[in-house]
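S.K.: I'd like to ask some things about the structure below.
No value in this document is a laboratory result; all are computed from the given coordinates. Predicted, not measured: the structure shown is a model, and the values here were computed from it. As a convention, Cβ positions derive from the backbone with ideal geometry for all residues, glycine included, and neighbour counts pool all protein chains shown.
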Amino acid sequence: MYSSHTATDREEMLRAIGVASLDDLLAQIPGDLRAAHFEWPPALSEPELMAHAHALAARNQPLACFAGAGAQDHFVPAAVKALIRRGEFLTAYTPYQAEASQGTLQAIYEFQSSICALYGMDAANASLYDGATALAEAVSAAARITGRNKILLPESLHPEWREVLKTYFGAKGEPVLETISCPTGRLDVSAMEARLDETVAAVVVATPNFFGLLEDAPVLAERAHGRGALVVAVADPVSLGVLEAPGHWGADFAVGEGQGLGNPLNYGGPYLGLLACRKAHMRHIPGRICGLTTDADGRRGFVLTLQAREQHIRRERAASNICSNEALCALAATIHLALLGPAGLKEMAELCLDKAHRLAEQAAAVPGFRLCFDGPFFNEFVLECPVPAERVRRALLKRGLLAGVPLGRYVTTRKHSLLVCVTEQRTEEECERFVAALGDFAP
Amino acid sequence: MTSSEKLSIEKSVPGRRGIWFAKASRPAADWLPHHVLRRVPPRLPEMAESEVVRHYTRLSQLNYCLDTHFYPLGSCTMKHNPRANEEVAALEGFAAAHPCAPETAVQGTLEVLFRLERLLCELTGLAAFTLQPAAGAHGEFTGILVAAAFHRARGDRKRKEILVADSSHGTNPASAALGGFAVRTVASRADGRLDLDALRMALGPQTAMVMLTVPNTLGLFERQIREIAEATHAVGALLYMDGANFNALMGLAKPADFGVDILHLNLHKSFSTPHGGGGPGSGPVGVQARLAKFLPVPRVVEKNGRFKLQTRCPGSIGRMRSFAGNVGVILKAYAYLRGHDALRLRSVAENAILNANYVRARLKDLYPAAVDEPCLHECVLRTEPEKMNGLKTLDVAKRLLDHGFHAPTIYFPLIVHEALMIEPTETETRETLEAFVSALRAIHAEALSDPEKVKTAPHDLPVRRLDELAAARNPNVAWG
């Protein structure tokens, strides 16, 4: 469909090659391995394709989104959308020929710098697949650095992220993953200390955690360091507009899901894995890294650097097998952060925080409902419902609201718990509709 | 034309803003204890929207890209990215779908996932696909974990080794190691194909899997693929196919017929989704029926025209990442495939093969082919420094940039000395190929008449050759 040769082109090209027919070029594929038949639908013309796509998209229900759990409905500015659609960014490859890719490379440098600034770290890579896989890479680096073999994961970490780590390390059997239960919704300092020993490479501290709550991060970090373990922070980058940066409370690595910075929900991907660290660990992190250098005339320029860590050089001895980054998603985040600046990010974060706290107060005031956990939170909270949360969600769906994520799908004992998320996008009217709908369940 | 651009932070002026929001009713300090609040604001640029737009537009102009330049990177399949696909993926109904939304609210997206899986099954002859892996390397790792689970489920715990060809992509051995396997490399013969005798010697009860790229990284079909599959299966191992080069087989052949057990495809290569400067990609994995139950969760299933996501699948290797996959990319690949019927698909492979052979035929007198026979979707040529005043492939590649072409993949595969790996793809016209050929021929002439000019290239780009050693010795990776 997108090939441009005419029949004459083909003939003349075959002649230039010196063969009689295309079959001569295909001769190396044994005849009986060439498939005779493909069961395939008729080709759609562009207008037919668009009509088909519109019909499919219309089968998704438009909803005011109060769901979070690792994917948040933040606003994407028009300038972000317009700039990342530019063909010069969209249709470029990985910047292997640096001189012809200075745009992509400088954007990566600005991305790394912005992520370091947000997380209070010294170095960041050019991004990984998503938050969960970024965490897998970070704990793997921590195990290599410390020469230790155990990773402590709190139950307050996203359950799907814990599953991803289990998949990543299960076959190899190392590092060993140990989960610390968090009955209060937060990682208890003494519960962590009880598990800390000389084999622990890293403790993962998510704040805001899966339940939206803020952990006592500085104390956890101090105790972990006391036993020689590294601390891997998980933090939502938007929250860092108001919350203390992981690098400032003592984390050695910081990872996050960067989707909320300029990327739509897209039913789960592509997202943006953020990974930053202290300078000492820079040579141990995986993935592409862009560095500043000079050209033959002494002018500033950018290249992919520290490539000796990577698979195309080290093959089976590489730090990771990763061979791409989520470049366009990282670009969206970089542009969004440039539009926001520190003041805009703070404003956005405060709006999320404020709206979430107001909705939490109002929802918890509905008879039969209460907040599941005490403690400070950012823009997500767990609402304990008088009926199974699945029922609440179903009822609100009929009113055009995605009420949140019922936690029963992760923890069987939490069937009445609903994880609710409020971003700057949720209007007062939507929040009122949410609270009013809860009223139907009041005893 | 822009030749350099300051950093965004260097353009920052305190107090400038590119976007603002309504004020919160109460500040953060009213809701949260003081000690959790950020003390020092992050050092981000402060710019007006007009400056942000101009800054990133100028940066974009420092790039070569497919929309402006022929981009013949071997093994990367830089084919045209149809714009209809972009529009499909951006439809609000798809883009706004939350990954935890109940299935009833996302039937449209689930249907696309389901249908794309079925199309990929038909295209490859395999029984089941997962769309979860975020990239080719992620797909390889998924395939390796599937193989590990398969052997473990049979109670066979002796299989600790994975065999890879010496011409393989670096991700193959790296993914195998990540899965906890020892890696053993099998040599290729002079004709660029895997040495079947060497493979037979290496195979044994310790072999979990053989990983093979088809066509291989020399752009050649493994003629003995069936014998390779038979020998592999005879010792109880599995055959993995790295499908990065699937563009050569599209609509022509089904890897399941070769005896392949597991394969990954790169939607950002053969299926036309844009590379975006390095990602996002998508690396679906297909398997034979007996391996389907090991695929990662969630799985998309259909019942009476309704689509569901299954998360509890006994035997599954688990979750490879959060949520269902790079859906935004998957939508584009689905749109691409629906624009084709079987005949058009076949013409993708045919024209890709025609173009690669045309370039090979027009250049091989000056840049000899690594293996002198027709190739499939890409050709590997060599620079001969002894005939070019000592100039190397790197010099030729940099000089090509001056001539207005992106360079091919260079120094890969590792088994070819001074390799130039050229993959034109089917979407390039004969005129473009001819202009590229002329440029490479002109560079060969320049090498003899003015070698210094080639050695110091590029001359006409925003920067000249960059000091990579200095960058690695003293890394500066953030503005701090």
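S.K.: Using a simple charge model, +1 on the beta-carbon of Lys and Arg, -1 on the beta-carbon of Asp and Glu, nothing else, what dipole does chain A show about its Cα centre, in debye to the nearest 20?
M.R.: 600 debye
S.K.: Rounded to whole Å and sorted largest first, list the principal axis extents of the Cα atoms in the stretch B:343-455.
M.R.: 49, 29, 20
S.K.: Let me ask something additional. Taking the Cβ of each residue in A:249, B:479 as the centre, tally the other Cβ atoms inside 10 Å and list the residues starting with the fewest.
M.R.: Least to most surrounded, the residues fall as B:479, A:249.
S.K.: Once you average over the residues of B:428-435, how many Cβ atoms of partner chains fall within 10 Å of each Cβ?
M.R.: Per residue, the number of nearby Cβ atoms from other chains is 3 on average.
S.K.: Here's another thing I want to ask about it. Take peptides A:426-434, B:247-255 and line them up by average Cβ neighbours within 10 Å, highest first, as a rough protection proxy. Walk me through the numbers before you get to the answer.
M.R.: Numbers: A:426-434: 15.7, B:247-255: 24.1.
Highest mean packing first, the order is B:247-255, A:426-434.
S.K.: For chain B, return all DSSP H helices satisfying: extent of Cα atoms along own axis at least 24 Å; mean Kyte-Doolittle hydropathy at least 0.0.
M.R.: Numbers: long enough: B:107-124 (26 Å, 0.42); B:136-153 (25 Å, 0.60); B:342-363 (32 Å, 0.14); B:430-449 (28 Å, 0.34).
Flagged H segments are B:107-124, B:136-153, B:342-363, B:430-449.
S.K.: Something else now. Roughly speaking, what % of Cα-Cα pairs in the stretch B:97-338 are separated by over 24 Å, rounded to a whole number?
M.R.: Summing the P(r) of the stretch B:97-338 above 24 Å gives 42 percent of all pairs.
S.K.: Counting other C-beta atoms within 10 Å, which of A:116, A:290 has the fewest, and how do the rest follow?
M.R.: Listed from fewest to most nearby Cβ atoms, that is A:116, A:290.
S.K.: Return the average number of partner chain Cβ atoms within 10 angstrom of each residue Cβ along peptide A:435-441.
M.R.: Working: counts 0, 0, 0, 0, 0, 0, 0.
The mean count of partner-chain Cβ atoms within 10 Å per residue comes to 0.
S.K.: Oh, and also: Tell me, what is the FRET efficiency for residue B:182 and residue A:21 to the nearest 0.05, using R0 = 30 angstrom and their Cβ-Cβ distance as r?
M.R.: 0.05
S.K.: Among A:258, A:212, A:228, determine the one that fluctuates most according to a GNM of chain A built with springs between C-alpha atoms less than 10 Å apart.
M.R.: Of A:258, A:212, A:228, the Gaussian network model singles out A:228 as fluctuating most.
S.K.: From Cα pairs below 8 angstrom and at least 6 apart in sequence, can you work out the relative contact order of the stretch A:78-336, rounded to a whole percent?
M.R.: 27 percent
S.K.: When you look at the Cβ of every residue in B:106-116, what mean number of other chain Cβ atoms sits within 10 Å?
M.R.: Numbers: counts 5, 5, 10, 7, 4, 4, 6, 1, 0, 2, 0.
Mean shielding count: 4.
S.K.: Once the Cα atoms of chain A are picked out, what are the Rg and Dmax in Å?
M.R.: 25.2, 84
S.K.: What ranking do A:380-391, A:321-332, A:42-53 get when scored by the average of other Cβ atoms within 10 Å per residue, highest first?
M.R.: Working: A:380-391: 21.0, A:321-332: 29.4, A:42-53: 15.3.
Order by mean packing, descending: A:321-332, A:380-391, A:42-53.
S.K.: Tell me, what is the percent relative contact order of chain B, built from C-alpha pairs under 8 Å that lie six or more residues apart?
M.R.: Answer for chain B is 19 percent.
S.K.: Treating only the Cβ atoms of Lys and Arg (+1) and Asp and Glu (-1) as charged, compute the dipole magnitude of the stretch B:8-60 about its Cα centre; round to the nearest 20 debye. Walk me through the numbers before you get to the answer.
M.R.: Details: 10 positive and 5 negative charges, 11 e Å.
With Lys and Arg at +1 and Asp and Glu at -1, about 60 debye.
S.K.: Can you tell me the relative contact order of the stretch B:343-455? Whole percent, Cα pairs under 8 Å, sequence separation 6 or more.
M.R.: Relative contact order, the stretch B:343-455: 31 percent.
S.K.: Using the membrane-span-like helix rule (whole DSSP H runs, Cα extent along the own axis of at least 18 Å, mean Kyte-Doolittle hydropathy at least 0.5), which helices of chain A qualify?
M.R.: Values: long enough: A:102-119 (25 Å, 0.34); A:131-146 (22 Å, 0.91); A:327-365 (44 Å, 0.72).
Long hydrophobic helices here: A:131-146, A:327-365.
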